[in-house]
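A short worksheet on the structure shown next.
The values are calculated or read from the model by the stated rules, or taken from the named source; none is laboratory data. Given the structure is predicted, the values throughout are model-derived calculations rather than measurements. Don't worry about glycine lacking a Cβ; one is built from the backbone with ideal geometry, like all the others, and counts go over all protein chains shown.
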Amino acid sequence: MKLKRAFLLTILFALGLTAIAQPRQDFTKSADSDPAAKAVLDKVKTKYEAYQTLEAEFTLTIEIPEQPKETQAGKLIQKGDQYRLDLQDQAVISDGQSVWLYLKKNQEVQINDAEPEDGESLSPKDLLRIYETEDFVYALTNEFVEDGRTVQQIEFKPLSDDSEYAKIRLTVDKSNSTVKRIKTFAKDGARYTLEMDKFTPNKAYPASTFAWSKSECPDCYV
């Protein structure tokens with residue numbers, strides 16, 4: 001079982017991952033993307049790639065039509081291709097070779113190869129560079145002051161009609177090139193909003209951080 005790509009993208013794109021240009025209605029390929037947006041994204045990518053490790057605490061809000069709004073806190077730790085994503089009901093852990101999906105309520109652990117087989121599962125490192133692929137067109141759509149700080153908004157539109165989501169909206173703090181918020185708009189009407197609460201770079205982590213251990217759940221079915 002793999003997390004939906006839209007969900008993974010919402011969680012991980014910020015970590016991996018001027019003039020104001022209005023969206024162009026004739027965007028049909030990635031090369032049509034707004035150069036001003038690319039300049040912002042390049043700064044974000046350069047900043048995050050300079051870190052040896054990073055830890056981010058965030059709040060995830062999930063809005064699904066005809067269902068109560070759900071809000072939960074989470075944490076992501078990343079070191080190169082290794083990462084650990086902890087949410088309320090599940091954790092996704094990778095040592096760069098294997099991926100463990102730990103379903104806490106079910107007391108179940110599923111193990112998969114870390115290498116994406118079908119493009120539906122991407123690591124934080126892959127997602128950091130997703131705007132450099134041919135899968136999206138994007139534009140810098142707004143700049144405004146929020147909580148006393150100037151922020152910039154970039155909207156991504158997937159080029160494939162088969163995509164699960166209609167668009168992704170990324171909000172970046174202009175002064176320090178850090179991600180403030182990511183919102184994914186799914187085609188089924190669902191909305192996933194990730195608010196960055198705390199960011200800590202370059203902490204040291206033992207190798208055990210990035211591998212699931214039976215000690216986390218002795219009664220789990222693997």
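Tabulated data for the structure shown
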{"read-out": "Test: residue in segment 116-135 that is surrounded by fewer than 19 Cβ atoms within 10 Å (Cβ to Cβ) and either at pLDDT 90 or above or in a strand (DSSP E or B) (or both)", "value": "no"}
{"read-out": "Residues within segment 147-191 that are farther than 18 Å from Asp135 by Cβ, assigned to a strand (DSSP E or B) and among the aliphatic types (A, V, I, L, M), tallied", "value": "3"}
{"read-out": "Top-ranked residue in segment 194-210 [being aliphatic (A, V, I, L, M) and surrounded by 15 or more Cβ atoms within 10 Å (Cβ to Cβ); ranked as nearest to Asn112 (Cα to Cα)]", "value": "Leu194"}
{"read-out": "Ala186 vs. criteria surrounded by 12 or more Cβ atoms within 10 Å (Cβ to Cβ), more than 14 Å from the chain's Cα centre (by Cα) and of a type outside the set (Lys, Arg)", "value": "yes"}
{"read-out": "Unique match (being modelled with pLDDT of 85 or more and buried (at least 19 other Cβ atoms within 10 Å of the Cβ)) among Leu15, Leu76, Leu9", "value": "Leu76"}
{"read-out": "Options Glu66, Glu55: the member that is at pLDDT 90 or above and either of a type in the set (Lys, Arg) or buried (at least 19 other Cβ atoms within 10 Å of the Cβ) (or both)", "value": "Glu55"}
{"read-out": "Single condition Ala190 does not satisfy, out of (1) of a type in the set (Gly, Ala, Ser); (2) under 19 Å from Ala37 (Cα atoms); (3) at pLDDT 90 or above", "value": "(2)"}
